[in-house]
1. Residue-wise, which Karplus ³J(HN,Hα) couplings in Hz belong to the range 83-93, taking 6.51 cos²θ - 1.76 cosθ + 1.60, θ = phi - 60°, and x for glycine or proline?
2. How much length is gained on full extension from Asn129 to Gln89, taking 0.36 nm per residue of separation minus their Cα-Cα distance?
3. For the pair Lys72 and Ala49, how long in nm is the line joining their label points, each one 7 Å along Cα→Cβ?
4. Which entries of Lys54/Lys121; Lys51/Lys100; Lys54/Lys120 have Cα-Cα distances beyond 19 Å here?
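The numbers here are math on the coordinates, done by the rules we state, and not lab data. As the structure is a computational prediction, the values presented were derived from the model and not from experiment. Here the Cβ is made from the backbone with ideal geometry for all residues, glycine too, and neighbour counts use every protein chain on show.
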Amino acid sequence: MIDLCAAFRSTKNDCPDCSKSVVGLVLIGATIALFFIVLFDLFWTDSLAYKREKLELERQIKFQVQLYIKRKALDDWNRYEELEWGELQKVKGGYCVRHKYVWYYLGIYETRNDLFILNKKLRIVGVENYDMLNSLSNSMEFSIN
């Protein structure tokens, strides 16, 4: 920082503008700090609200998927085990999420890896085998002539 009063260091009264320049620098510093605090608050609170909203949406979607599995195929709800959840994706008209799980169905344990498609009202409108979809997309070759 530049010392404007370096030539007048002998006494306080030699530089009448020193107190004004210090006050000015303090005001400028306080203004800059306030600007960054307001800026941080705006973006941080929006980010926190978005994260809370997304977590609540993920919780509701997981509940819908588990309820779907329970209603469609399980005789014994205790024989269902979550293995992993994919990232929630927003798609046109709703959402989709991948869920890998183990369930007991018709006397055997089966590991499933399904893609659940939900509408905007969080109702499941489709279920696809994710492994089959993934293998089909990897085996397709596209050529542009």
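1. 9, 6, 10, x, 6, 5, 10, 8, 10, 4, x
2. Computed gain between Asn129 and Gln89 is 12.8 nm.
3. About 3.6 nm separates the two model spin labels.
4. In this structure, Lys51/Lys100 exceed 19 Å between Cα atoms.
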